[in-house]
Amino acid sequence: MSVLSPLGTALREAARAGPFHIEGRLVAAGGLTLEIEGLASLAARGDRLGIAHGGRELVAEVTDIAAARVRAVGFEALEGVRLGAAARLLGPATLAPCHAWLGRLVDPFGRPMDGRGALPAGPSPRPLRASPPPAGLRARLGARLDLGVRALDAFCTCRQGQRLGLFAASGVGKSTLMAMLAQGATADVAVFALVGERGRELREFIEDDLGAEGMARSVVVCATSDAPPLMRREAAFAAMAVAEHFRDQGLHVLLMMDSVTRFATALREIGLAAGEPPTTRGYTPSVFAELPRLLERAGPGLEGQGAITGLFTVLVEGDDHDEPVADAVRGILDGHVVLDRRIGEGGRYPAIDVLRSLSRTVPGCLSGPEAALMLRARRALSLHAEVADLVRLGAYRGGADAAVDAAVAVTPRIEAFLTQPKGEVSSVALAFAALAEAMDAA
């Protein structure tokens with residue numbers, strides 16, 4: 001193998017650049033996987049293959065390499081593929097975004113989904129799988145960032161280049177909160193990764209939540225829930241590559257990904273098809289290796305570059321915030337926001353549980369008075385939560401504890417402060433002014 005490696009490398013590079021191509025043959029096809037002979041000494045893991053399929057090419061990705069065969073997973077359904085079909089080596093996955101992509105809806109291959117014609121390719125294709133900037137050379141986090149949602153601006157203040165997780169079960173208002181952030185968060189460019197999104201909601205998000213003004217500064221990358229797992233996984237990598245392109249131009253990029261859980265589910269399907277053993281709740285080991293590789297790419301760039309502020313939603317199963325994906329993501333990101341079903345059922349939206357939410361960058365972006373005000377409000381909410389049942393049952397008598405009396409009096413005003421209708425946009429300064437008014441009202 002070592003003797004053939006230089007020749008194999010030369011052939012592989014020539015196949016990419018020259019007028020000819022290297023072919024193998026399809027010898028087996030399963031539910032998601034394909035096996036090809038003739039490319040084992042030339043293909044690398046992650047390379048794309050073009051499989052002849054009814055007058056066109058079905059694109060697949062190499063997942064495993066054996067002595068005589070390579071195994072690949074298709075980017076689309078495999079119905080109709082035939083044994084003996086030609087398999088052409090395409091090389092590693094790349095994407096070539098440019099500023100002309102702003103305002104466009106694309107699939108993970110960079111193909112338009114909005115019916116507005118072809119997209120121009122940028123001058124420099126980027127690999128979809130890339131390493132984050134070297135940790136020792138990355139810039140520090142930037143200035144604090146207006147997210148447009150009072151509860152977050154006051155209790156989970158965010159900085160440019162931060163990565164924040166939004167953790168929620170289904171039906172708790174996660175999509176509505178994402179829409180509020182899309183409208184209110186400040187950034188030069190916004191990139192949205194809709195991974196496994198309901199097809200019905202795509203136009204609603206673009207037309208109602210983003211609107212013409214928001215879409216003009218955005219690129220939306222989408223793979224709907226009916227797409228094969230490889231397409232759903234690739235949507236996350238493609239959106240990250242687009243965000244990195246704009247970051248390298250010195251811009252501040254807001255990257256919103258909905259959701260990391262569907263990305264992990266796609267990885268699990270691919271891993272199981274490739275023969276990986278299932279571990280915790282059926283997730284394969286590669287899932288927990290891929291999560292940091294993706295999420296660490298967001299954040300500040302090198303000195304002189306821009307930054308990617310990442311907002312990643314995590315769909316927790318059965319309101320279990322300690323399930324494996326949520327637990328892994330929480331340990332990687334720079335903060336987490338928890339949406340609670342009981343708060344939503346009580347009629348307060350967004351249903352953010354501020355006592356269980358935190359931003360790890362708060363000490364670096366709040367002034368002394370702002371930090372003191374936020375801590376006063378947290379203590380009041382925490383103390384009220386401890387005695388809430390006693391108050392409802394009439395078992396607590398006013399005057400027994402001055403701190404409890406103050407917490408019982410101020411909590412309704414804090415709850416009113418935390419309530420924010422969709423379409424209303426705030427800022428950090430406005431949020432703290434409103435919180436001070438709520439805390440100090442007579």
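Structure values in brief
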item	result
Top-ranked residue in the stretch 158-201 [being assigned to a helix (DSSP H, G or I) and of a type in the set (D, E, K, R); ranked as nearest to Asp319 (Cα to Cα)]	Lys174
Residue that is modelled with the highest pLDDT [pool: residues in the stretch 251-296 that are of a type in the set (Val, Ile, Thr) and open to solvent by 50 Å² or more (accessible area, probe 1.4 Å)]	Thr279
Where Val189 falls short, out of the listed (1) within 16 Å of the chain's Cα centre (by Cα); (2) free of Cβ contacts under 8 Å to residues at least 60 places away in the same chain	(2)
Residue within the stretch 248-271 that is out of contact with any helix residue (DSSP H, G or I) (no Cβ under 9 Å at 6 or more places or on another chain), in a helix (DSSP H, G or I) and charged (D, E, K, R) present	yes
Residue in the stretch 339-347 that is surrounded by 15 or more Cβ atoms within 10 Å (Cβ to Cβ), touching a Phe, Trp or Tyr at 6+ places or on another chain (Cβ under 9 Å) and under 25 Å from Gly171 (Cβ atoms) present	yes
Residue within the stretch 313-324 that is open to solvent by less than 10 Å² (accessible area, probe 1.4 Å), in contact (Cβ under 8 Å) with a residue 24 or more places away in the chain and assigned to a helix (DSSP H, G or I) present	no
Residues being crowded, with 23+ Cβ neighbours inside 10 Å and among the acidic types (Asp, Glu) - total across the stretch 126-176	1
Flag if Val391 is out of contact with any Ser or Thr (no Cβ under 8 Å at 6 or more places or on another chain), of a type outside the set (Gly, Ala, Ser) and over 20 Å from Thr176 (Cα atoms)	yes
Residues (under 20 Å from Leu119 (Cα atoms) and either touching a helix residue (DSSP H, G or I) at 6+ places or on another chain (Cβ under 9 Å) or open to solvent by 50 Å² or more (accessible area, probe 1.4 Å) (or both)) located in the stretch 197-212	Arg203, Ile206, Ala212
Test: residue in the stretch 50-61 that is open to solvent by less than 10 Å² (accessible area, probe 1.4 Å), part of a strand (DSSP E or B), at pLDDT 90 or above and small (Gly, Ala, Ser)	yes
Residue tally, condition surrounded by 15 or more Cβ atoms within 10 Å (Cβ to Cβ) and either within 13 Å of Leu373 (Cα to Cα) or of a type outside the set (Val, Ile, Thr) (or both), over the stretch 411-427	8
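The values are calculated or read from the model by the stated rules, or taken from the named source; none is laboratory data. Please read these numbers as outputs of a predicted model, since none were measured by experiment. Cβ: placed from backbone, ideal geometry, glycine included. Neighbour counts: every protein chain shown. All accessible areas refer to the heavy atoms of the entire protein, side chains included, with ligands and DNA or RNA removed. Shrake-Rupley method; radii C 1.70, N 1.55, O 1.52, S 1.80 Å.
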